[in-house]
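Heads up, the thing below is written out as structure tokens.
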Amino acid sequence: MLELFRLEAESQTEILSQGILSIEKQQPTAETIESLMRAAHSLKGAARIVGLDGAVKVAHALEDLFIAAGEGSLKMESTDADLLLAGVDFLSAIAVADDHEGSDWAERASKLVSDLNQALSSELPPAENPAQATP
């Protein structure tokens, strides 16, 4: 099972990396965001099947960001690319690691999830209702 996760991680992290590069270049399309969301979702499911809790949490946090971007409540900026790539790097590294259970993985996952959730909480403010705007 772990080998299947490794193969899935290899293909999905490639999709994530390419999509994040388009964010870095300020050229993400709706299709790009959709493919990022699907890749993160696939990795989350694959990690859950093999019991890699840290990978599940990181992939889920990435997926939440991509969903928010797809819904328009979060604007992906080029400055987000480093954080997103750190999540992808974590998923790539845990996929090929021999020791998946060490506390280092849990700590790294926790820090990444915290950082990703913080980025998610910086969603765009709601649009002002024109009827309530001050003249």
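The values are calculated or read from the model by the stated rules, or taken from the named source; none is laboratory data. These numbers come from a predicted model, not from an experiment. Note that we place each Cβ from the backbone using ideal geometry, even for glycine, and neighbour counts take in every protein chain shown.
Listed values, structure above:
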| read-out | value |
| --- | --- |
| Selected residue (criterion: modelled with the lowest pLDDT) from residues of the stretch 80-100 that are outside any helix (DSSP H, G or I) and loosely packed, with under 12 Cβ neighbours inside 10 Å | ASP99 |
| Complete set of residues in the stretch 19-78 that are hydroxyl-bearing (Ser, Thr, Tyr), in a helix (DSSP H, G or I) and in contact (Cβ under 8 Å) with a residue 12 or more places away in the chain | THR32, SER35, SER42, SER78 |
